[in-house]
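First comes the structure, then the notes that go with it.
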Amino acid sequence: MSISKVVVLGLFLGVSLVPGTAVQSSPSATSEPVLLRTMQQELDRAMSSLSKAEPAPYFISYSASDEFNSVIIASNGSIVANINRHERVGSITVRVGGRDLDNTHGENRFNAVVNATLPLDDKPDAIARVLWLNTDRMYKKASQAYLEVKTNTKVHAEEDDSSADFSTEKAQVSIGKPAVPPKFDQKEWEKKIRSFSAIFSRYPEVESAQVILAVDSPTRYFVSSEGSRLITSRPLIRILALASTRAEDGMELARSETFDGASFDNLPSDEVITAKIEKIAQDLKKLKTAPVVEPFTGPALLSGRASAVFFHEVVGHRLEGQRQRGENEGQTFTKKVNQPVLPPFLSVEDDPTLATLGGTELSGNYSFDEEGQKSEKVELIANGVLKQFLMSRMPVKGFLHSNGHGRAQTGMMPVGRQGNLIVRSSKSVPDSELRDKLIEEIKAQKKPYGLYFEDIAGGFTLTLRNMPQAFQIMPLMVWKVYADGRPDELVRGVDIIGTPLAALNRIVLTGQKMDVFNGECGAESGSVPVSAAAPAMLFSEIEVQKMAQGHDRPPVLPPPGFDDPGSASQHNQKPEAR
């Protein structure tokens, strides 16, 4: 992520907007929500007024996020927070100069948006006044940045990629219905969340745990000077269960599960959630006494869920459009278009238009991106050959248009990001045969064991040029699989490491069942919901290193209710085998 310098503006410009009164709507527009109508009127007024300025803006957009949130948090069978919130945030983008070169060029890109809290009441004058003041603020900021950009282009060496700063796209109009906060029985759900969280209290090995219900009802309004007008919404109900413990050597261990649904009816049953929470607690109980694995290079099998996270981190981020252009980016795949980058039996696509896959809801589904462009299915890699990138409206050489992947957290500048990343294979075997295939590979390499990665928390990848082009993936549940017939052994304390081009071409086979990982992805444009789906994958070689280890010991005292040594001893166990 680039660090933009802060420019202090005084009375820099002679032309400013002046406050106005919201213009009366035409009869045909009165049926539109007040917020959208006021945004459009103030945008039109700003473009008209600032057209007389120098430099004049060639593009302005207003985006507003209108969110109703309800959050219930429970721990140890008790409610610790119950929050209901309504919030409106407006984001204003002003571009001055021209599409070929404007104020967002280079390091200025992430300083090219201004945010403001909007009134919750549908009062046009109050909304218009906030938009007026912050448009003026953004215009002055953009004008200063544009002067700096023009100066820098004269004194700096010519860039490798001289693509324009902003693509020309068709205006989009889609007026959906604003989200209505779902009605649900708060008392009943408090009872459920309490009950779910109380499960962890039965395990003395669990140090801290929470169960969270988050009900999010966002509506996004978007207007631009190009003529785009959008109202989109995507309600999300999420239950998050997370817990942690600490091994005797001080290593921190954590597990979590996320349950997403577009409505309460789409959530899993209470029985399914209870079983998953029980498994989290049991996994931590086993991990607490599991041995630490030593650094290792050898055969490995990744579950479908683990493979999905692996591809999200190792492949997906490197296919984001802006990473092919930045002077500081490593550009791993930039010059490999129409060249093999994966084994020929693997293909990768990103399809945010999909709401479900195999009956599982996908968090990365959306209809329009944060730049107002319609989401598109993008074939990234076909039969191992790289075809294209995830594009926002910032062009790169050879890819001049958006494909609907300009994404951002509310109030941040959009860049190319993943939505629903899906990996498909044409060389697969039934999943029941994968363990035998792993053992065959272990024996062929004369290794004593291989590794099975059951679940992965996430990871990070380095893409900047001044850093190693490497990745680090953080597994949660890892098993040693022995070639001599011994039971599999649960181990802890490893990270998967490597460089992308080498690691990806060591995939030799996949399973047939697709697994889905839903989560949040953080990058330079903030946190966005994403999904990744993939089959289980057999690698001829994966490298692991010891993970960072804490130094704090576990609690000296047993938790309340477990003072009797006999009651605690029943929870102690030897390292897990299966």
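The values are calculated or read from the model by the stated rules, or taken from the named source; none is laboratory data. Since we're looking at a predicted model, the values are computed, not measured. Please note: Cβ atoms are built from the backbone with ideal geometry, for glycine as well, and neighbour counts cover all protein chains shown.
Just to verify a result, which residue in the stretch 75-97, among those that are loosely packed, with under 14 Cβ neighbours inside 10 Å and in contact (Cβ under 8 Å) with a residue 12 or more places away in the chain, is nearest to MET394 (Cα to Cα)? Full working, then the answer.
Going through the stretch 75-97, the residues loosely packed, with under 14 Cβ neighbours inside 10 Å turn out to be 78, 80-81, 83-86.
Narrowing further to those that are in contact (Cβ under 8 Å) with a residue 12 or more places away in the chain: 78, 80, 83-86.
Values: SER78: 48, VAL80: 44, ILE83: 38, ASN84: 37, ARG85: 35, HIS86: 33 Å.
Across the stretch 75-97, the extreme among qualifying residues is HIS86.
TYR203: in the same structural domain as GLU271 (by TED's automatic domain parsing), of a type in the set (Phe, Trp, Tyr) and within 30 Å of LEU131 (Cα to Cα), yes or no? Here the answer is no, as TYR203 does not meet what is asked.
Tally the residues that are farther than 30 Å from PRO554 by Cα, of a type in the set (Gly, Ala, Ser) and surrounded by 19 or more Cβ atoms within 10 Å (Cβ to Cβ), restricting the search to the stretch 187-224. Going through the stretch 187-224 one residue at a time, the tally reaches 2. For the stretch 227-252, taking the residues that are aliphatic (A, V, I, L, M) and under 30 Å from VAL292 (Cβ atoms), the one that is surrounded by the fewest Cβ atoms within 10 Å (Cβ to Cβ) is identified as LEU240. If you go through the stretch 117-128 and pick out every residue that is in a helix (DSSP H, G or I), within 14 Å of VAL89 (Cα to Cα) and touching a residue at least 40 places away in the same chain (Cβ under 8 Å), you end up with 2. Taken over the stretch 497-512, the criterion of being under 28 Å from ASN365 (Cβ atoms) and buried (at least 16 other Cβ atoms within 10 Å of the Cβ) is satisfied by PRO500, LEU504, ILE507, THR510, GLY511. Restricting to the stretch 361-408, name every residue that is surrounded by fewer than 18 Cβ atoms within 10 Å (Cβ to Cβ), among the aliphatic types (A, V, I, L, M) and outside any loop (DSSP other than H, G, I, E, B). Within the stretch 361-408, ALA382, VAL385 meet the criteria.
Can you name the residue in the stretch 435-451 that is free of Cβ contacts under 8 Å to residues at least 40 places away in the same chain and assigned to a loop (DSSP other than H, G, I, E, B) and, of all such residues, is surrounded by the most Cβ atoms within 10 Å (Cβ to Cβ)? Steps first, please.
So the first thing to find is which residues in the stretch 435-451 are free of Cβ contacts under 8 Å to residues at least 40 places away in the same chain, and the list is 436, 440, 444, 446, 448.
Pick out the ones that are also assigned to a loop (DSSP other than H, G, I, E, B) and you get 446, 448.
Details: LYS446: 8, PRO448: 12.
Ranking the candidates gives PRO448 first.
Do we have any residue at all in the stretch 261-279 that's within 30 Å of ILE507 (Cβ to Cβ) and not assigned by TED's automatic domain parsing to the domain that holds SER363? Yes. For the stretch 307-319, the count of residues that are part of a strand (DSSP E or B) and closer than 19 Å to PHE517 by Cβ is zero.
Has the stretch 9-32 got at least one residue that is outside any helix (DSSP H, G or I) and at pLDDT 95 or above? No, because not a single residue in the stretch 9-32 is outside any helix (DSSP H, G or I) and at pLDDT 95 or above. Here is the figure for the stretch 136-184: residues that are over 18 Å from ASN103 (Cα atoms), aliphatic (A, V, I, L, M) and crowded, with 17+ Cβ neighbours inside 10 Å total 1. When residues in the stretch 134-184 are screened for being of a type in the set (S, T, N, Q), touching a residue at least 24 places away in the same chain (Cβ under 8 Å) and part of a helix (DSSP H, G or I), 6 of them pass. Within the stretch 524-542, the set of residues being farther than 24 Å from THR356 by Cα and surrounded by 22 or more Cβ atoms within 10 Å (Cβ to Cβ) comprises SER525, LEU538, PHE539, ILE542.
Screening PRO181 against (1) assigned by TED's automatic domain parsing to the domain that holds TYR62; (2) under 27 Å from SER31 (Cβ atoms) leaves a single unmet condition, (1). Scan the stretch 230-242 and give yes if some residue there is at pLDDT below 95, β-branched (Val, Ile, Thr) and under 21 Å from ILE456 (Cβ atoms), otherwise no. Looking for residues that are at pLDDT below 95, β-branched (Val, Ile, Thr) and under 21 Å from ILE456 (Cβ atoms), one finds none in the stretch 230-242, hence no.
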